Amino acid sequence: CATPQKIGGSEQGTFERTGRFALTVNHAGGGQEAVQGGFAWHDTGRVLTLDLANPLGSTLARVTVEPGRATLLRSNGEREQAPDPDALVEKVLGSPMPVSGLRHWLQGRAAPGGVASAQKDGAGRLASFAQDGWRAQLSRYDALGPQLLQLNRNDAQRRISVRLVIDDGQAK
Amino acid sequence: WPASGTQQLRDFVAQVQSASGRFTQQAGDRQGAGKPAQTGEFSFQRPGKFKWDVRKPYEQLIISDGKRLYQYDPDLAQVTERNVDQSIGASPAAILFGSGALEDVFELQDLPPRDGLEWLRAKPRSADAGFTHVEIGFKGSMPQRIDLLDSFGQTTRISLTDIRANPKLDAAAFKFTPPPGVDVVKMQ
């Protein structure tokens with residue numbers, strides 16, 4: 001699929017990644033849902049912009065996260081706001097994605113606050129841990145961070161798997 | 001005088017029942033700065049069977065047997081399987097590979113020629129088609145370029161090359177069997 005193009009802007013300390021995601025939800029009742037697509041991640045530290053695209057490359061939604069507010073803009077122009085981005089992504093993809101945690105996990109570190117059973121790989125990089133109800137496995141590191149992230153969450157009603165593959169990226 | 005884009009589209013839909021070829025796909029913003037292009041192979045057979053097989057820089061397969069649409073990404077280790085109508089609907093694939101009446105789903109409009117091609121613009125009639133419009137450039141009643149503008153100003157440029165019209169495609173060309181051990185998610 002065409003992952004969305006990296007979002008422009010060159011503020012200091014900007015972290016950019018583009019890649020693909022697969023989201024799978026197994027419901028306790030036995031139903032299953034899944035969605036695949038591309039994403040473009042542009043994080044200036046203060047503001048995060050996340051574009052979610054369908055496999056043929058057209059952007060379906062843009063989630064913008066500023067201190068204290070997250071905004072979802074859909075391709076049909078509808079706009080929604082919420083204090084935290086994870087719930088907004090669920091509205092687009094049908095399952096939450098740990099966007100707040102990923103601002104740190106994508107850079108190979110746990111988010112501030114409680115982290116459990118953290119393990120490092122042979123090169124001392126963070127390989128697996130549990131945080132905010134998610135179990136994360138990070139691998140295929142490049143200079144910027146992991147290029148493969150497998151995230152799992154088991155709630156009472158559903159088991160969620162998020163798999164992110166990074167294709168491209170830069171930090172400026 | 002070459003026929004207009006919309007006329008060449010009608011000829012294409014009428015004369016070309018199946019085709020195969022290669023594609024290059026490049027996403028980029030308005031200035032066109034983009035990522036490395038994806039390249040791969042495509043084929044289709046009306047009505048509704050098509051294969052969009054990205055080979056580089058990563059592998060990703062989208063294939064439809066006319067009833068079910070499969071998406072397989074080896075890196076993501078997942079196959080999704082869903083009904084064709086849910087997904088094709090007003091997608092660019094529908095324009096080229098479908099066989100429904102295009103005017104029902106799209107507003108078609110001829111554009112001035114450029115890059116040596118005759119162009120048309122197809123604007124989806126439904127607001128949530130997920131893209132603003134798609135422009136298709138024709139030559140000899142065959143699509144050569146597809147430019148897809150999404151609602152966030154991103155343009156995906158697709159070039160089609162080495163197209164063979166009405167090739168002999170074997171029956172299994174659009175059959176997909178998930179590789180063993182890969183998570184297959186069936187959607188209603």
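The values are calculated or read from the model by the stated rules, or taken from the named source; none is laboratory data. Remember, predicted model here, so these are calculated numbers, not experimental data. Note that we place each Cβ from the backbone using ideal geometry, even for glycine, and neighbour counts take in every protein chain shown. Areas reflect the complete protein model, heavy atoms only, side chains present, ligands, DNA and RNA absent. Shrake-Rupley method; radii C 1.70, N 1.55, O 1.52, S 1.80 Å.
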Considering segment A:66-79 alone, what residues qualify as being closer than 16 Å to A:R103 by Cα and crowded, with 22+ Cβ neighbours inside 10 Å?
A:A70
Which strands (runs of 3 or more DSSP E) sit wholly inside segment A:104-172 and have at least 3 residues that are touching a residue at least 24 places away in the same chain (Cβ under 8 Å)?
A:134-142, A:145-154, A:158-171
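Name the residues in segment B:104-125 that are of a type in the set (A, V, I, L, M) and either touching a His at 6+ places or on another chain (Cβ under 8 Å) or within 14 Å of another protein chain (Cβ to nearest Cβ) (or both), would you?
If the condition is that a residue be of a type in the set (A, V, I, L, M) and either touching a His at 6+ places or on another chain (Cβ under 8 Å) or within 14 Å of another protein chain (Cβ to nearest Cβ) (or both), then B:A122 is the only one that fits.
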Evaluate the following for B:A93: is it open to solvent by less than 20 Å² (accessible area, probe 1.4 Å), of a type outside the set (D, E, K, R) and within 24 Å of A:P4 (Cβ to Cβ)?
yes
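If you check A:L52, A:L56, which single one turns out to be assigned to a strand (DSSP E or B), in contact (Cβ under 8 Å) with a residue 40 or more places away in the chain and either crowded, with 22+ Cβ neighbours inside 10 Å or at the interface with another protein chain (Cβ under 9 Å from one of its Cβ atoms) (or both)? First the steps, then the outcome.
Numbers: A:L56 fails: assigned to a strand (DSSP E or B).
On inspection, the qualifying residue turns out to be A:L52.
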When residues of segment B:126-153 are limited to those that are open to solvent by 30 Å² or more (accessible area, probe 1.4 Å), assigned to a loop (DSSP other than H, G, I, E, B) and facing chain A (nearest Cβ under 8 Å), the one farthest from B:V16 (Cα to Cα)
B:F152
Test of understanding: among B:G21, B:G32, B:G40, B:G28, which residue is modelled with pLDDT under 90 and surrounded by 16 or more Cβ atoms within 10 Å (Cβ to Cβ)?
B:G28
Return yes when B:Y58 is modelled with pLDDT of 85 or more, of a type in the set (F, W, Y) and open to solvent by 30 Å² or more (accessible area, probe 1.4 Å) and no when it is not.
no
